[in-house]
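What follows is a short report on a single structure.
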Amino acid sequence: MKKSSLIRSQRGTTLIELMVALAVFATLLALAWPNFKSSIQNAQIRTAAESIVNGLQLTRAEAVRRNSEVQFQLNNTLAGAAVSGGTDWSIVPDDLSTPGTPNFSTAMQTRNGNDTVNARIGAKTAADFTSAAAAGANLPGNITFTGMGRLTAASTIVQIDVTNTTGTSARQLSITLTPGGQIRLCDPALTLAKNPQGCS
């Protein structure tokens, strides 16, 4: 009697139980995958947008510190390779080799966006939140800050839109610039009157 009960208590799972467990797991994974994929894409869009904002702020601070022009360059590359709307950027100070004529030749900092493969950027010369700029629009582009922290007259980019490679499902974020040098990250899907993260 003791021997038979011991054998029954050591019994493992059957193949049918294992198959049922795998089927339940596969069903749950299939249901969760679209949300998981969208979350990854949204995180990459936010990472790219925050990276650009940080780069712009650093460029402005460096221009004020040096009391000379410093340029933020949107390179239209991704991880160093030519990609329309790529998220790479560089900060390039004026080397002061020719007084009165800025010369931006050597980057002091460069970012390669190899962690933001699903994000794409486009730039606009006028603020407009009705639709996102197409990936690569107005790129490569330069934004130059003066020693007073303002944008130069030659800096025509006033909005940078960060979107998904597919253009669907994931959110869009926008970065706005004012002539006074203010930099703001906002969500065009939100209304500024109701949410401080909104664009307009």
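Readers should treat all values here as calculations from the given coordinates under stated rules, not as data from a laboratory. Everything numeric in this text was worked out from a predicted model, so none of it was measured. Positions of Cβ are backbone-derived with ideal geometry, glycine not excepted, and every protein chain shown enters the neighbour counts.
Below is a table of values for the structure above.
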item	result
Qualifying residue in region 139-162 (condition: surrounded by 15 or more Cβ atoms within 10 Å (Cβ to Cβ), within 21 Å of the chain's Cα centre (by Cα) and at positive phi)	no
Any hit, region 107-118, residues being hydroxyl-bearing (Ser, Thr, Tyr) and over 19 Å from the mean Cα position of the chain (by Cα)	no
Some residue of region 35-54 being in a helix (DSSP H, G or I), charged (D, E, K, R) and over 28 Å from GLY149 (Cα atoms)	yes
Residue under evaluation GLY122, criteria (1) closer than 17 Å to THR59 by Cβ; (2) surrounded by 13 or more Cβ atoms within 10 Å (Cβ to Cβ); (3) in contact with a strand residue (DSSP E or B) (Cβ under 8 Å, 6 or more places away or on another chain), criterion not met	(1)
Which numbered condition LEU185 misses (of (1) under 30 Å from PHE36 (Cα atoms); (2) buried (at least 20 other Cβ atoms within 10 Å of the Cβ))	(2)
Test: residue in region 87-99 that is surrounded by 19 or more Cβ atoms within 10 Å (Cβ to Cβ), β-branched (Val, Ile, Thr) and assigned to a loop (DSSP other than H, G, I, E, B)	yes
Selection count, region 124-177, where residues are out of contact with any Pro (no Cβ under 7 Å at 6 or more places or on another chain), of a type in the set (A, V, I, L, M) and not in a loop (DSSP other than H, G, I, E, B)	6
Scan of region 48-61 for residues that are surrounded by 20 or more Cβ atoms within 10 Å (Cβ to Cβ) and either among the aromatic types (Phe, Trp, Tyr) or under 19 Å from MET108 (Cβ atoms) (or both), ordered by number	ILE52, GLY55, LEU56, THR59, ARG60
In region 26-55, the residues that are aliphatic (A, V, I, L, M), under 22 Å from GLY86 (Cβ atoms) and out of contact with any Gly (no Cβ under 7 Å at 6 or more places or on another chain)	ILE40, ALA43, ILE45, ALA49, ILE52, VAL53
